[in-house]
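Report on one structure; see the data block that follows.
The values are calculated or read from the model by the stated rules, or taken from the named source; none is laboratory data. Worth saying up front: this structure is predicted, and the values here are computed from it rather than measured. Note that we place each Cβ from the backbone using ideal geometry, even for glycine, and neighbour counts take in every protein chain shown.
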Amino acid sequence: MLVFPDNDKPLYVDADASHLRCRAMLYQYETTHTSKLLLRFMAHVFTAAALKWSTIEEDCYALVKAFNTFENLLLGRIFIVRTDHRNLLWMQHSINAKVQRWFTYLYIFEFTLEHIPDVDNVVADAVSRIFAPTPLGPYSIATCAPNSYGLEHGHHLGSVYTVRLPLV
């Protein structure tokens, strides 16, 4: 845990998945809604079987993995989940057996699911897609599409990765 949560402020979970991995972050806003205070972070690389999943399965699993990782902080609290995959708003009506099974786990939590446009989900998209395999190596970010995910530059420096996000 990076910082202990303030019980007087709401918790937020941003989750996202790419075709290779998923990630989520648990945060609270500081006094104003301009800066986020990161509490915890979760990242997961999909298995070979998961690489065959549909988009709704990938994004739903990102929520399941996030809720499982942050469970000790989320159970018994009302919190807000933000995702850029609009179909998750109706996951309780899905005919997909995996999504139905995962929804039964998610149902034990008290949360509001909000859709956010891709343009407002820059950090989530960047983090979940940044280490995509490239001809330069499995974790090189030197060739990731800079403008697609709000990244200005990415450099591979041995085992250290640096990314410079555009100033807003």
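What number of residues in region 39-72 are exposed (fewer than 13 other Cβ atoms within 10 Å of the Cβ) and either part of a strand (DSSP E or B) or not assigned by TED's automatic domain parsing to the domain that holds Ile95 (or both)?
Selection size over region 39-72: 1.
Among residues belonging to region 1-38 that are of a type in the set (Asp, Glu) and not in a loop (DSSP other than H, G, I, E, B), point out the one that is modelled with the lowest pLDDT.
In this case the residue turns out to be Asp16.
Looking at Glu71, is it touching a Ser or Thr at 6+ places or on another chain (Cβ under 9 Å), acidic (Asp, Glu), modelled with pLDDT of 85 or more and under 17 Å from Asp14 (Cα atoms)?
no
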